[in-house]
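The numbers here are math on the coordinates, done by the rules we state, and not lab data. The shown structure was predicted, so the numbers you read here are calculated from the model rather than taken from an experiment. Cβ coordinates were reconstructed from backbone atoms using ideal geometry, including for glycine residues, and neighbour counts include every protein chain displayed.
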Amino acid sequence: MAILPKLRDLLDQHRVEYPHHVHPLVYTAKELASAEHLPEHEVVKTVVFLGDNGFGMAVLCADCMVDLFELRSALGLTRLRLATETELAELFPECELGAMPPFGNLFGMAVFVDSRVAGEEFIAFNAGTHRDVVILRFKDYQSLANPEIIHFARFATA
């Protein structure tokens with residue numbers, strides 16, 4: 001089963017309202033924001049990392065980048081690195097590479113959301129492919145994904 005039906009089942013079971021759009025093929029969160037005509041700070045990307053306690057998801061706005069030192073420090077880890085493409089393919093076989101939704105509970109993985117994301121009313125994200133996007137109220141996302149909210153991102157420079 002692909003991840004989109006699992007995600008939709010989760011949302012439907014909890015009676016969460018959400019639009020699902022299909023747009024032309026895009027590969028970055030910034031391109032997704034453009035395709036969906038959304039501000040970059042409302043589009044989130046999922047970055048997977050490996051730390052002392054295994055893999056985790058870092059969720060941040062499209063116009064930001066992960067500060068790995070800050071993330072490692074906030075989580076109290078001695079080591080932290082980004083997951084490799086091979087690891088991503090193994091961890092998320094039901095998703096296109098780099099298009100996993102920010103729901104660690106669907107993958108048995110802890111989720112950490114940057115504090116900037118928590119300030120948004122709505123968030124949009126890839127739903128398993130580079131064409132599918134789901135938009136949720138942040139409070140609904142928070143209720144379902146149960147992420148830990150910490151500060152670990154900084155604005156990306158051009």
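Quick rundown of the values:
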| quantity | calculated |
| --- | --- |
| Beta bridges per DSSP with both ends in the chain, % antiparallel, nearest 5 | 75 percent |
| Calculated on alpha-carbon atoms, Rg and Dmax of the range 3-155 in Å | 14.2, 41 |
| The chain: most fluctuating residue of 44, 22, 133 per GNM, C-alpha cutoff 10 Å | 22 |
| Backbone HN-Hα couplings from phi across the range 111-128 [Karplus 6.51/-1.76/1.60, Hz, Gly and Pro as x] | 10, 10, 10, 5, 4, 5, 5, 4, x, 8, 6, 10, 10, 10, 7, 4, 10, x |
| The chain: most fluctuating residue of 53, 146, 105 per GNM, C-alpha cutoff 10 Å | 53 |
| Shape category assigned to the range 91-141 from the gyration tensor of Cα positions, a/c cut at 1.5 | oblate |
| Value at 222 nm in deg cm²/dmol, rounded to 500, when DSSP H runs of n ≥ 4 in the chain each add -39,500 (n - 2.57) | -7500 deg cm²/dmol |
| Within straight-line cross-link reach of residue 45, lysines at Cα separation under 16 Å, skipping those fewer than 8 residues along the same chain | 30 |
| FRET efficiency for residue 40 and residue 94, using Cβ-Cβ distance with R0 set to 25 Å, rounded to 0.05 | 0.40 |
| Shape of the range 3-65, Cα gyration tensor, a/c cut at 1.5 | oblate |
| Gaussian network model of the chain, springs between alpha carbon atoms under 10 Å - residue of 43, 111, 26 with greatest fluctuation | 26 |
